[in-house]
Structures are given as C-alpha cells and as structure tokens.
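Below: the structure, in structure tokens.
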Amino acid sequence: MNPDDPSEPQALDSLTSERLVKDTLAIPRGVRALYPSLVQAVERALSACDAGAIESIHLSGSGDLLHSAMAVEIAFQRLTGIRTWAMPSMRFGLYAARDLSARSVVIQMSFSGKTARAVEAATMAGLAGARVWALTSDAQSPLAQLAERCILKPDTGGNEAAGYPITMLLLYLVAVRVAELRGRLGAAQADALRGRLARSADSMEQTLAQCIEPARALAHEFIGAEHALFLGTGPTYGSAVNGSARILEAVGINASAQDIEEWAHLDRWVEECSSPRLVIAPDGPGVERAGEILAAMQTLGKPSVAIVADHAVELGSQARAWLPVHCELPEEFSPLVYGLPGELFAHLLGAARKSRPYRHGHPAYERLGEIRWGGCIRRSLPAWDPEGPSRAAVPSQP
C-alpha cells in the first residue's frame, strides 16, 4: 500500500496502530533488503549528469517527503558544496520557483507523482528555467514527465513506516553522487560513505531494541495526553517534525515541533505540565544546549523525554525518561536513526489508546474524503508587483 497514490485503494480498515508498530520495528530489515536497489536507482538517474553547473539545489515535497528533505538539507550542502534549501511544495511552487535559473536543480518529490502541489511546483520550476529531478515511484506519472531525470523509489512492500528513512537514504545517496561528480569526493571516499549508510540498519536495529520497552512504558504513562511536543535542531529538526506528524496520524491528538532553543523563548511559558516533551539531541554542537533545556524542564516540572545517545548517561538522566540511541553515523546522517524512537513512541501510544490511524471510520473524515490529490494546478508563474498587490495568474484545473 502506498499512501501517496490516489489510484490505489487505501485499505485503511486493515491499518491499525499495532501494524504501525510492527512496520516500525521492521524498518532495519527493509533498509538492508532495499539498500542495493536505492544505490542503483541513484546511479541510473544521475549517469552522465553535468553537476558542475549547479549553483543551487531545492528539495521540495509534502508530508514525510518534506520531513526527509529537512533532515538531509545540511548534509546535502556540506557534501556537495552547493547552497541547499528544503521547502514545502506549495511554498516552493508559488513563491520560490519564480526566482530560479538554469543553474538551479529542483528535486521534487511525490511517491505517486500525481499530487497537485508536487506537479504544480515542478511546473513552476520548469517555467523558470530550472532543472527538475523527480523522486517518485512511478516513472510514467505526471511529475516524472515534467522532469529531466527521475529517481525511482523501489516498492517498500506496504511498510507504512518506511517512507521517511528510505527517502532520506535516497537523498543522501544523491548528495554523495553529486559530490562525487563535482570532484568533492573521490571514488573511494564516496564508496566509504555509501558503506556507512548501508550499515545504518545495524544502528537502527539496536536503537529499536533498546527503546521498545521504555517507549511502551511512556505510551502507557501518557495515554491520556492531549499534546506531544518534539524538539530538535540542525538535522534532527526534521526528525522532530516527523515525530509530531506520526502523533497526528497514528494517535489523533495535537502535536507540534519546535527548535530546541526556541523552547526557551516560547514554549516554556506553557503552564500545562502533563504532556510529554521529547528532546532529540545527537552528539554534536547542540547537545550542551539540549542539556540546559532538559534541566529547565525539570525545574518547571515539565515531563521530558531525552532521545540521546546510549553512552550519554548524564544527559539522559536529566530527563524524566530516556530513549537511548545507538548511532555510529556523524550528526549530518543521524536522522536516519534518531527519528526512530519518536516514531516508535507515537505508534505505541496509538496502540495503547486503541486509536485508528488516519481516523478511519470517523464519519466526518469519511464525508471529507481524500483532499491531498486534487485542487487547482497553476500553469503560469504567479506575477509579482513590488508596488502593489500580487496579481497572481489564474489557476487551472488539472
């Protein structure tokens, strides 16, 4: 089942929180099985690619795909030496695309290749003269037809939890390949990085094994919570956003993400002291500030959960609970592993509450139907008048 494909039956009656837990625990096995095909997909897509002329890279998508883009943005820029932005498809297509040039590359993502905002963003990028690379599961899709290159995501076998890490891996591999083509990485260096990414499944597996029982206990402790806050910064801010999304989908309660530093400026003023605050902090320059924020939460009586390294005993002990992460990757690649404990907690919380993922069976949602796939698609770049209101081009139907 592909939740990003309107042509496929969603079969949500068979999708339960318990299945999502199983899918999460199966991610390492799926990564090991799929990794060779991910490498091949990138090699095929970027063969004979002129990477030297690229001046900017734009990663565009929605949902899990956007979260993946946010998580890899820093690694992309450091590996390739090219300024890289991650942006939602709608914002990118309607507001950013008009300023692109022939030296811009847009990696537009949609598994189905049919979502309106993805097709619109690729259309706008093409009109501005940018090079469009599609990341999709369907080589014949409208998105793929708009692109000069197509990175085909292999079938994940219906694993609902695999989309986020698999997309990150594809994007990391694209960054490695572009860096190699630009001469920033030698062949041996690039192969060594690909090997490290392949071995990420070992860290994923150990982390999930370490976290399953404490995450299950947290799910029961917070079974009545009405909000969950995820904090991260740098690469793991994308993991924080993804964790909050899993709560929204699997549990159906409010959830949000915030930068670690911004908690001190904003979220600390919230008086409520019953919902979990999950702080994602891998080894890196932000870890000291994460410790200070955990200490502040403790002072204010805010329930905190530290998603930190399994060797960071002092840091982990500053929180009410600790989900220990085993990660042998540098911080730039750490979202592959550090995103898992929050996702596992979300799915276990959904199971504990007996929630129906995506609100299946709820009358209002049944009446609404699916709204991600449709909507108008603009076929001309929105106009901008610096001296007056925007006179946007009239949208057209797909």
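The values are calculated or read from the model by the stated rules, or taken from the named source; none is laboratory data. Quick caveat, the model's predicted, so the values are computed rather than measured. Please note: Cβ atoms are built from the backbone with ideal geometry, for glycine as well, and neighbour counts cover all protein chains shown.
For the reader, a short list of remarks on this structure follows.
- Neighbours by Cβ (under 7 Å, 6+ apart or cross-chain): first from the stretch 323-351, modelled with pLDDT of 95 or more; second among the β-branched types (Val, Ile, Thr) and in a loop (DSSP other than H, G, I, E, B): 346/251; 349/251; 350/251
- Criterion: in contact (Cβ under 8 Å) with a residue 12 or more places away in the chain and either part of a helix (DSSP H, G or I) or touching a Phe, Trp or Tyr at 6+ places or on another chain (Cβ under 9 Å) (or both) - qualifying residue of 358, 365: 358
- Yes/no for residue 129 being closer than 20 Å to residue 379 by Cβ, assigned to a loop (DSSP other than H, G, I, E, B), in contact (Cβ under 8 Å) with a residue 24 or more places away in the chain and touching a Pro at 6+ places or on another chain (Cβ under 7 Å): no
- For beta carbons closer than 7 Å, sequence separation of 6+ or different chains, a first residue in the stretch 176-188 that is in the same structural domain as residue 78 (by TED's automatic domain parsing) and more than 15 Å from residue 50 (Cα to Cα) and a second that is crowded, with 17+ Cβ neighbours inside 10 Å and among the hydrophobic types (A, V, I, L, M, F, W, C), the qualifying pairs are 185/176; 185/179.
- Checked across the stretch 29-36, the condition of being aliphatic (A, V, I, L, M), under 18 Å from the mean Cα position of the chain (by Cα) and over 18 Å from residue 177 (Cβ atoms) holds for at least one residue.
- Top-ranked residue of the stretch 103-117 - restricted to ones that are outside any strand (DSSP E or B) and touching a residue at least 40 places away in the same chain (Cβ under 8 Å), ranked as farthest from residue 167 (Cα to Cα): 103
- Flag if residue 336 is within 18 Å of the chain's Cα centre (by Cα) and among the aliphatic types (A, V, I, L, M): yes
- Residue 381 vs. criteria at negative phi and at pLDDT below 95: yes
- Residue that is farthest from the chain's Cα centre (by Cα), among those in the stretch 188-242 that are basic (Lys, Arg) and assigned to a helix (DSSP H, G or I): 216
- Output for the stretch 41-83, where each listed residue is closer than 14 Å to residue 332 by Cα and buried (at least 16 other Cβ atoms within 10 Å of the Cβ): 68, 69, 70, 71, 72, 73, 74, 75, 76, 77, 79, 80
- Any hit, the stretch 222-235, residues being without any contact (Cβ under 8 Å) to a residue 40 or more places away in the chain and under 26 Å from residue 72 (Cα atoms): no
- Among the residues of the stretch 295-314, those identified as buried (at least 21 other Cβ atoms within 10 Å of the Cβ) and in contact with a helix residue (DSSP H, G or I) (Cβ under 7 Å, 6 or more places away or on another chain) are 304, 305, 306, 307, 308.
- Selection status of residue 380, among the polar types (S, T, N, Q), touching a residue at least 24 places away in the same chain (Cβ under 8 Å) and surrounded by fewer than 21 Cβ atoms within 10 Å (Cβ to Cβ): yes
- Beta carbons closer than 6 Å, at least 6 apart along the sequence or on distinct chains, pair a first residue in the stretch 45-62 that is among the β-branched types (Val, Ile, Thr) with a second that is assigned to a strand (DSSP E or B) for 54/105; 57/84; 57/105.
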